[in-house]
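The values are calculated or read from the model by the stated rules, or taken from the named source; none is laboratory data. Remember, it's a predicted structure, so these values are computed and weren't measured experimentally. When we count neighbours, we look across all protein chains shown, and the Cβ atoms used for this are built from the backbone with ideal geometry, even at glycine.
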Amino acid sequence: MEFTVEQIALLLGGDVKGDGTAKINMLAKIQEAKSGQISFLSNPKYENFIYETDASAVIVNKGFEAKKALNTTLILVEDAYSAFTVLLEEYYKFISFQKTGVEDPAFIGKDSTYGEDVYRGAFSYIGNNVKIGNNVKIYPHAYIGDGSEIGDNTILHSGIKLYNNTKVGSYCVIHSGAVIGSAGFGFAPQDDGSYKNIPQMGNVILGDHVDIGANTVIDCATFHGDSTKISDGVKLDNLIQIAHNVTVGSHTVIAAQSGISGSTSLGKHSVIAGQVGIAGHLEFGDKTSIGAQSGIGKSYPKGNIKLMGSPAYELLAYHKSYAVFKNLPDLSRRLKQLEEKVLNLPSFQEK
């Protein structure tokens, strides 16, 4: 499907400089773009590409002034990077939400309902008493357990698994292989050294505008009536483990291979880098930032803090400590040299 440069500019609230009737059918990098494609320029180090690109249009900041002749149409906006992000979002919505209807075979259980413009892919399974909103897209081999609820405009990609009574908000995206609502890691040690399974009876609640990466797992809460909660706007990368009864505050982002143990609470607007491990029953305030490969073993309830290391502590102190730590081999060598000199002093020799 094609759009004119003028239509795109209207969407982005930008001004056209050049041919507004040019047709656009694809997005591309500025150094690789061809005729019929649109790109953007926000980083000055890529400016040379705008004079060579074959793109039909390029999104630029309003303050941009060309130093050479251009062969492309410009769309001038306040922030080119943000504008291109908006364009990517709209393009993604277009390609993701165009499917409707029910493919064969697809199963839906007793007393389950769904709204308008829903897509149900082949071999998808919807259990009993499930409520699905409008414009929801359920791709092939997706599983939705009994009693689950899914809000409007949510996408469930191929192979996702929602256990019973999972609640998913509107405008969510759950990527392939994600498992939501699986049993928490609850085992009681016995006198003979074995472990007895503790049934996990709660559920998982996802807010609106939540993204769940591929092969990420979120466990249900332990007790019936309790929930593991992922709040509005949370973005989870691939291969993340969220344990039972965890609460993740709104608009928090967590990178791949991180794990959060049971009953821990993360505040709003927090940033958790890759391969972070967080122990259970901890509390973190809003705007907590944790560096990659950190291990967290205590609470920081006040928030607004940056942590690094394993065990982690405040980032500034970590950098100061690392400045010493990386020099330990040299310090050890110098200490040995100093020790030898001291031991060879006449006063020590006489003793």
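Structure values in brief
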| quantity | calculated |
| --- | --- |
| Within segment 6-35, tally of residues that are surrounded by 15 or more Cβ atoms within 10 Å (Cβ to Cβ), over 27 Å from the mean Cα position of the chain (by Cα) and within 16 Å of residue 70 (Cα to Cα) | 6 |
| Cβ pairs under 6 Å, 6+ apart, first in segment 168-180 and more than 19 Å from residue 244 (Cα to Cα) and outside any strand (DSSP E or B), second at pLDDT 95 or above and hydroxyl-bearing (Ser, Thr, Tyr) | 172/154; 176/158 |
| Verdict on residue 128 being without any contact (Cβ under 8 Å) to a residue 24 or more places away in the chain and either assigned to a helix (DSSP H, G or I) or of a type in the set (Lys, Arg) (or both) | no |
| Search result, residues across segment 280-304 that are among the aliphatic types (A, V, I, L, M) and either modelled with pLDDT under 95 or surrounded by 15 or more Cβ atoms within 10 Å (Cβ to Cβ) (or both) | 282, 290, 296 |
| Residue that is nearest to the chain's Cα centre (by Cα) [pool: residues in segment 283-342 that are without any contact (Cβ under 8 Å) to a residue 12 or more places away in the chain and assigned to a loop (DSSP other than H, G, I, E, B)] | 326 |
| Of the criteria (1) under 16 Å from residue 227 (Cβ atoms); (2) touching a Pro at 6+ places or on another chain (Cβ under 6 Å); (3) not charged (D, E, K, R), which one residue 158 fails | (1) |
| All positions within segment 152-174 that are touching a helix residue (DSSP H, G or I) at 6+ places or on another chain (Cβ under 9 Å) and either β-branched (Val, Ile, Thr) or under 16 Å from residue 217 (Cβ atoms) (or both) | 155, 173 |
| Residue match in segment 95-117 (condition: within 30 Å of residue 44 (Cβ to Cβ) and aromatic (Phe, Trp, Tyr)) | no |
| Verdict on residue 152 being acidic (Asp, Glu) and either free of Cβ contacts under 8 Å to residues at least 24 places away in the same chain or more than 30 Å from residue 201 (Cβ to Cβ) (or both) | no |
| Unique residue being of a type outside the set (D, E, K, R) and assigned by TED's automatic domain parsing to the domain that holds residue 55 when the list is 75, 138 | 75 |
| Residues (buried (at least 20 other Cβ atoms within 10 Å of the Cβ) and among the polar types (S, T, N, Q)) located in segment 38-48 | 39 |
| Members of segment 199-218 found to be of a type in the set (D, E, K, R) and either within 11 Å of the chain's Cα centre (by Cα) or not in a loop (DSSP other than H, G, I, E, B) (or both), listed by number | 211 |
| Counted residues, segment 49-66 - those being surrounded by fewer than 21 Cβ atoms within 10 Å (Cβ to Cβ), within 32 Å of the chain's Cα centre (by Cα) and either among the acidic types (Asp, Glu) or assigned to a helix (DSSP H, G or I) (or both) | 1 |
| Hits in segment 67-114 (condition: in a strand (DSSP E or B) and aliphatic (A, V, I, L, M)) | 74, 75, 76, 77, 102, 108 |
| Matching residues, segment 150-199, being surrounded by fewer than 15 Cβ atoms within 10 Å (Cβ to Cβ) and small (Gly, Ala, Ser) | 188, 193, 194 |
| Unique match (being polar (S, T, N, Q), surrounded by 11 or more Cβ atoms within 10 Å (Cβ to Cβ) and within 22 Å of residue 178 (Cα to Cα)) among 265, 310, 321 | 265 |
